[in-house]
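Written below as structure tokens is the structure these notes are about.
Bear in mind that the values in this text are calculations on the coordinates, not laboratory data. Since we're looking at a predicted model, the values are computed, not measured. With ideal geometry, Cβ positions are generated from the backbone for all residues, glycine too; neighbour counts draw on all protein chains shown.
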Amino acid sequence: MEQKSNKTIVAEFYKKIVGQRDSSLINTYVREDYIQHSAAGKAGRQGLFEMVEFLKTLPPSTETQSPVKRLIGEGELVVIQLDIAFMGKRMVVLDLFRLADGMLAEHWDAVQEITADNDNMTGGARIIDAKADTAANKALVAAFYLKVFANAGADLMPVYLDEKYLEHNVAEPLTGYIENIIKVRRVIAEGDFAVVQSEYVKQSQSFVLYDILRIADGKIVEHWSVNQLIPAVMQHNNGML
């Protein structure tokens, strides 16, 4: 039997457990020592059981299209970006999973409301160019964050951004980060896409920040993002990062 990819496992987890609200499969997909970082979740595998049981109390979704917009994986890490309707609001969700031995082992996320004046937060390119140089694109993005943000090199922005650069979060564009503090935690890349997980300090408040970037011909051509305030108190002691 062909071994499932980590991306396939994450996609199945969303379809069968979250979408179809089948909590009986949690033990199949999630490790017993599962580590939860979400501000909205309780610790461990039991927290997922409680989440799915809560979802069962809500009206079934009437959406006909898949909420999954992008699925990006590198090694043990998989990023999934979703556009969902929840509790009367439209939300962009970015989940980052670490897998071990074919099961979900650790989870981070951020959730942000999509407002009417910023409704293209999940639009744009979706298909990954598998022929693109993943290593080169990952190195380019890492250098961009180091040289432009960590070292406040605003003058270098044009070196990395394409003239036709497309911004999907107009309320908080990539070019607006220069005034704040970015502490990069991880860079995950696949083909022409890269995802950056970082801590974003704005007006003395700390946020978890996820950026998705698409690269073409050595330039950043497209950007999506989602950020969430890191609360002082959570239902576990694992932190959001």
> Relative contact order for region 134-229 using alpha-carbon pairs under 8 Å, separation at least 6, rounded to a whole percent?
Replying inline: 28 percent
>> Applying a 10 Å radius around every beta-carbon, put 57-66, 81-90, 230-239 in order of their mean neighbour count, most first.
In response: 81-90, 230-239, 57-66
> Which far-off residues, 5 or more places away or on another chain, put their amide H under 5 Å from the one on Asp119, with H placed in the peptide plane?
Replying inline: none
> Using the reciprocal of the averaged 1/r over all distinct C-alpha pairs, how large is the Kirkwood radius of region 6-114 in Å?
Replying inline: 14.2 Å
> Which value, in Å to one decimal place, does the Kirkwood hydrodynamic radius take for the chain when every pair of different Cα atoms is included?
Replying inline: 18.7 Å
> Under a 5 Å amide H to amide H cut-off, with H placed in plane at 1.01 Å, what residues pair with Arg70 once short-range neighbours are removed?
Replying inline: Gln81
> Expressed as a whole number of Å, what is the distance separating the alpha-carbon centroids of region 115-169 and region 16-55?
Replying inline: 32 Å
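Counting only DSSP beta bridges with both residues in region 6-114, tell me the antiparallel percent, nearest 5.
90 percent
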>> Can you compute log10 of I(q)/I(0) for region 134-229 with the Debye formula, treating each Cα as one identical point scatterer, at q = 0.14, 0.15, 0.17, 0.23 Å⁻¹?
In response: -0.44, -0.51, -0.67, -1.31
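Suppose a student asked you for the relative contact order of region 6-114, using Cα pairs under 8 Å spaced at least 6 residues apart; what percent would you report? Spell out each step's value before the answer.
Values: 176 pairs, mean separation 29.6, N = 109.
Dividing the mean separation by the residue count of region 6-114 yields 27 percent.
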> Looking at this model, which pairs from Lys69/Lys138; Lys131/Lys219; Lys147/Lys219; Lys16/Lys69; Lys138/Lys183; Lys69/Lys89 are more than 19 angstrom apart at the alpha-carbon?
Replying inline: Lys69/Lys138
> Tell me, what HN-Hα J-couplings in whole Hz come from the Karplus equation 6.51 cos²θ - 1.76 cosθ + 1.60 at θ = phi - 60° for each residue of region 67-76, using x for Gly and Pro?
Replying inline: x, 6, 9, 9, 9, 10, x, 9, x, 7
